[in-house]
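Comments concern the structure below.
The values are calculated or read from the model by the stated rules, or taken from the named source; none is laboratory data. Just so it is clear, the model here is predicted, and its values are computed rather than measured. As a convention, Cβ positions derive from the backbone with ideal geometry for all residues, glycine included, and neighbour counts pool all protein chains shown.
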Amino acid sequence: MKRDQIVFDLIQEELQRQENGIELIASENFVSPQVLEAAGSILTNKYAEGLPFKRYYGGCEVVDQIEQLAIDRLKQLFGVAWANVQPHSGSQANAAVMLGVLKPGDKILGFDLSHGGHLTHGSPVNFSGQLYTPSFYGVDKETGLINFDKIREIAIKEQPKLIICGASSYSRDWDYETLRKIADEVGALLLADISHPSGMIATGLLNNPIPHCHIITSTTHKTLRGPRGGIIMMGEDFVNPMGYKNLKGEPKMMSAVLDGAVFPGTQGGPLEHIIAAKAIAFGEALTDEYKTYMKQVKTNANVLANAMVDLGYAVISGGTDNHLMLIDLRPKHPDLTGKLAENTLVLCDITINKNAVPFETRSPFVTSGIRLGTAAITTRGLTESEMPEIAQLIDEALTNPTNEVVIASVKARVHLLMKKFPLYPNL
Ligand code: PLP
């Protein structure tokens, strides 16, 4: 077969974009060459429905070992008793948990999307808001912080079956212990979706949800720096409270319910090439080098947030405990929307995303804020020394969005800076 040069040229173009630019999208990262290699490997050819050593297909002897390695490393990384590494994405992981523990129409309580939550936590445009009956908690207007007393009030009023904590754009830590007390008080299961800060949790830099939350889901491609994918974990296995029994009439363990909810519940064959890449990423995350990396991500986020505040921008909740921050543009530029900010920065090869701020007055396609994260640039080797310069470049562009000379100058300085931090020198 002829090499498809059209696609490979486009991949090369994307490589150049990633190499040249400052990547500040909080949900992105750059995987290691060995993670890339596994993700692009011949394992993509193999069907392996089922679980390691219990498959519905022949020839799984090798992929069984790979998947078991991924499970074992993940268990070690988070100190959990049970894990499933098959979800194709974070959304798939959440879909499987909800299929496993809820019936259609059951009540769920999640963090409001417009305050920083995720679509899969009950949004009306997502399966979670269409198949189940959602209610939401948010942040306080004055502080930008989650108010756990208010969550309790809503939980008592709504009596949800599942409480979901975790977020896509919340820069503060979570009080999982208090949430578990609330869940126990109303008889709900507690799900922590740690997609964003999972790498920081694994390295002990944030509160640990494992002892308090019944179930934990995550993506593997954000701070965890693995391939695009999802995982589900439990600190301890327990008898499912929904009353499900196995074929022998015995109560099912929750692990069996969740394994079944992934396959055959919501997925078919697992992506063994991606599972191999996950195994490598989990192995990398177990090293001291990764711990140092995570600490640097946190330092960089702090320094960047302070630099943005010094330049006149507001950081929602006043700062960050993790790798990301939500910037309110209005104090510095009342007329600059998140949309224009995103488009302006793209012209300078600085990649960010527009983001609604809590109590947003503009539409979700326009917004008054932007979200910045430091996981990707820290992988490239940038430290706190470079953060003030990055804030300066962002500010210069956002202060002069229609000035082509300024935009060209910022772009040239972005390229100059990133040339010092090669990404994939051997690709
Ligand atoms: N959960 C949270 C908190 C997220 O931030 C995201 C992704 O942004 C997801 C779930 C979904 O992950 P995916 O895009 O892999 O489906």
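Among the residues of the range 325-356, those that are farther than 25 Å from Arg17 by Cα and either surrounded by 19 or more Cβ atoms within 10 Å (Cβ to Cβ) or touching a helix residue (DSSP H, G or I) at 6+ places or on another chain (Cβ under 9 Å) (or both) comprise Asp328, Leu329, Lys332, His333, Leu336, Ala356.
Every test in (1) over 21 Å from Pro197 (Cα atoms); (2) in contact with a Gly (Cβ under 6 Å, 6 or more places away or on another chain) is passed by Ala155 save one, and that test is (2).
Listed by first and then second residue, the pairs linking a residue in the range 278-300 that is assigned to a helix (DSSP H, G or I) and modelled with pLDDT of 95 or more to a residue that is surrounded by fewer than 24 Cβ atoms within 10 Å (Cβ to Cβ) and of a type in the set (Lys, Arg), with Cβ atoms under 7 Å apart and 6 or more places separating them unless they lie on different chains, are Ala279/Arg73; Phe282/Arg73; Gly283/Arg73.
When the range 51-71 is limited to residues that are surrounded by fewer than 18 Cβ atoms within 10 Å (Cβ to Cβ) and small (Gly, Ala, Ser), the one that is farthest from Tyr424 (Cα to Cα) turns out to be Gly58.
Of the set (1) within 15 Å of the ligand (Cβ to nearest atom); (2) in contact (Cβ under 8 Å) with a residue 24 or more places away in the chain; (3) of a type outside the set (D, E, K, R), all apply to Phe78 but (1). Set side by side, the residues Lys141, Lys161 differ, and just one is surrounded by 19 or more Cβ atoms within 10 Å (Cβ to Cβ) and charged (D, E, K, R), which is Lys161. Candidates Gly319, Gly243, Gly265, Gly260: the one that is surrounded by fewer than 19 Cβ atoms within 10 Å (Cβ to Cβ) and free of Cβ contacts under 8 Å to residues at least 60 places away in the same chain is Gly243. For beta carbons closer than 7 Å, sequence separation of 6+ or different chains, a first residue in the range 372-390 that is more than 23 Å from Ser169 (Cβ to Cβ) and a second that is assigned to a loop (DSSP other than H, G, I, E, B), the qualifying pairs are Gly381/Phe421.
Residues of the range 118-152 that are within 16 Å of the ligand (Cβ to nearest atom), in contact (Cβ under 8 Å) with a residue 60 or more places away in the chain and hydrophobic (A, V, I, L, M, F, W, C): Val139 alone. The single condition among (1) crowded, with 19+ Cβ neighbours inside 10 Å; (2) more than 30 Å from Pro33 (Cα to Cα) that Met233 does not satisfy is (2). Of the numbered criteria (1) within 16 Å of the ligand (Cβ to nearest atom); (2) under 30 Å from Lys150 (Cβ atoms), the one Thr220 fails is (2).
Of all the residues in the range 152-185, those that are over 18 Å from Asp106 (Cα atoms) and in contact with a strand residue (DSSP E or B) (Cβ under 6 Å, 6 or more places away or on another chain) number 7. Evaluating Arg172 against the criteria (1) away from the ligand (no atom under 16 Å from the Cβ); (2) in contact with a Ser or Thr (Cβ under 9 Å, 6 or more places away or on another chain) leaves one unmet condition, (1). Among the residues of the range 107-117, are any crowded, with 23+ Cβ neighbours inside 10 Å, within 16 Å of the ligand (Cβ to nearest atom), over 24 Å from Gly269 (Cβ atoms) and of a type in the set (Phe, Trp, Tyr)? Yes: the range 107-117 contains one or more residues that are crowded, with 23+ Cβ neighbours inside 10 Å, within 16 Å of the ligand (Cβ to nearest atom), over 24 Å from Gly269 (Cβ atoms) and of a type in the set (Phe, Trp, Tyr). Looking at the structure I just gave you, is Ser89 out of contact with any Lys or Arg (no Cβ under 9 Å at 6 or more places or on another chain), touching a residue at least 60 places away in the same chain (Cβ under 8 Å), of a type in the set (Gly, Ala, Ser) and in the same structural domain as Phe238 (by TED's automatic domain parsing)? So Ser89 does not fit the description; no.
Among the criteria (1) surrounded by fewer than 17 Cβ atoms within 10 Å (Cβ to Cβ); (2) of a type in the set (Ser, Thr, Tyr); (3) within 16 Å of the ligand (Cβ to nearest atom), the one Ser27 does not fulfil is (1). Quick check, is Ala167 in contact with a helix residue (DSSP H, G or I) (Cβ under 6 Å, 6 or more places away or on another chain), in the same structural domain as Val85 (by TED's automatic domain parsing) and of a type outside the set (Ser, Thr, Tyr)? Taking the combined requirement at face value, the residue does not satisfy it.
If you take the residues in the range 90-106 that are away from the ligand (no atom under 11 Å from the Cβ) and small (Gly, Ala, Ser), which one is nearest to the chain's Cα centre (by Cα)? Taking the candidates together, the pick is Ala96. The criterion of at least 3 residues that are in the same structural domain as Thr337 (by TED's automatic domain parsing), exposed (fewer than 13 other Cβ atoms within 10 Å of the Cβ) and modelled with pLDDT of 95 or more is met by the following helices (runs of 4 or more DSSP H) wholly inside the range 357-427: 404-419.
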